[in-house]
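Comments concern the structure below.
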Amino acid sequence: MPNELGDFLRARRAHAELTPPGAPARRRVTGLRREEVAAASGISVDYYTRLEQGRVAQPSDSVLDALARVLRLTPDAREHLYRLRPHADVGSEFHGDAGLLAQRMAQLVDAVRPNPAYVLDRLSNMVAVNPEGLELYAGFEELVPAQRNTCRYLLTDPRARDRFVEWREIARGAVAHLRIANAGDLQNADLQSLIAELRAASPLFGQWWNEHIVERRRASVKHLRMPDGEIIARRHEVLYLPEDGLRMTLWLGVGDSGERSQRRAGAAPWTREM
């Protein structure tokens, strides 16, 4: 039986940043030992061991709170920890008319033009995208919609490293979001198929997935390298539609000051005003 909670706890306590100050240089483990986590959390070693082995039916809020504190979990990682608790109520996604949903999302991204925008499902598949958003992902226009997956693109398409200046940060964030977005059903067949595909194609994906990193996509400023070589700064906002299990990413300008490193004639229209 899968033991996502135990796997998560083991991965988090192995972080080097948790190694106690003054620990021997030849310490055989990185991070914290089981007994150290247990002692700092105020629970017995036996109870913590059973937690990692998946033999605790329903750990209490107080236990999870203590573990989150000892393991220095971020708010996203703390939420993820609770969602991994057996029998946790993680909510449900809307499973209505897929055609109607796609039509709604297409209207949504069309309404914000000329700003690039797209809507992704929990596997990072593009449910809807406007022409300006499609231009962000070189080669996507050649794919049928069902094959447009931003996580796959970031991890396997070399053009992603050229387009997104902060590629490593963005790609790692995509893996972190993929895990937290699917916390309620990590054994889903479609998710497992995507994981197997990305593991085979990208050693970095396997490394990051095994680290159990979790982080939701949020607004930030990123830099894009355009086909003519210039680099532009753009702010993106992420809007969540939890009832539908979707998120919309909208790219905006960051203002006149420092928005463009250079200005060259012939740039694509959406790069000038967004």
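The values are calculated or read from the model by the stated rules, or taken from the named source; none is laboratory data. What you see is a predicted model; the values in this text were computed from it and never measured. Reconstructed Cβ throughout: ideal geometry from the backbone, glycine too, with neighbour counts over all protein chains shown. Just the protein is used for accessible areas: all its heavy atoms, side chains included, with ligands, DNA and RNA removed. Shrake-Rupley method; radii C 1.70, N 1.55, O 1.52, S 1.80 Å.
Restricting LEU224, LEU198 to residues that are open to solvent by less than 20 Å² (accessible area, probe 1.4 Å) and not in a helix (DSSP H, G or I) narrows the list to LEU224.
Could you tell me whether ARG72 is basic (Lys, Arg), surrounded by fewer than 17 Cβ atoms within 10 Å (Cβ to Cβ), part of a helix (DSSP H, G or I) and at pLDDT 90 or above? Considered against the rule, which asks whether it is basic (Lys, Arg), surrounded by fewer than 17 Cβ atoms within 10 Å (Cβ to Cβ), part of a helix (DSSP H, G or I) and at pLDDT 90 or above, ARG72 comes out as no. Applying a threshold of 6 Å to beta carbon distances and a minimum spacing of six or more residues, or different chains, the list of pairs starting in the range 37-64 at a residue that is surrounded by 14 or more Cβ atoms within 10 Å (Cβ to Cβ) and at pLDDT below 90 and ending at one that is not in a loop (DSSP other than H, G, I, E, B) and not acidic (Asp, Glu) reads GLY54/GLY6; VAL56/ARG50. For the range 237-267, a tally of residues being open to solvent by 40 Å² or more (accessible area, probe 1.4 Å), among the hydrophobic types (A, V, I, L, M, F, W, C) and either modelled with pLDDT under 50 or in contact with a His (Cβ under 8 Å, 6 or more places away or on another chain) (or both) returns 1. Could we say that GLN187 is in contact (Cβ under 8 Å) with a residue 12 or more places away in the chain, out of contact with any helix residue (DSSP H, G or I) (no Cβ under 7 Å at 6 or more places or on another chain) and over 19 Å from GLU237 (Cα atoms) here? It is true that GLN187 is in contact (Cβ under 8 Å) with a residue 12 or more places away in the chain, out of contact with any helix residue (DSSP H, G or I) (no Cβ under 7 Å at 6 or more places or on another chain) and over 19 Å from GLU237 (Cα atoms). Within the range 75-91, the set of residues being modelled with pLDDT of 85 or more, exposed (fewer than 12 other Cβ atoms within 10 Å of the Cβ) and assigned to a loop (DSSP other than H, G, I, E, B) is empty. Checking GLN187, GLN207 one by one, the residue that is open to solvent by 60 Å² or more (accessible area, probe 1.4 Å) and outside any helix (DSSP H, G or I) is GLN187 and no other. Does ASN188 satisfy the condition of being within 22 Å of GLY6 (Cβ to Cβ), among the polar types (S, T, N, Q) and within 16 Å of the chain's Cα centre (by Cα)? In short, no.
Among the helices (runs of 4 or more DSSP H) confined to the range 92-182, the ones with at least 1 residues that are open to solvent by 20 Å² or more (accessible area, probe 1.4 Å) and among the aliphatic types (A, V, I, L, M) are located at 98-111, 131-135, 167-181.
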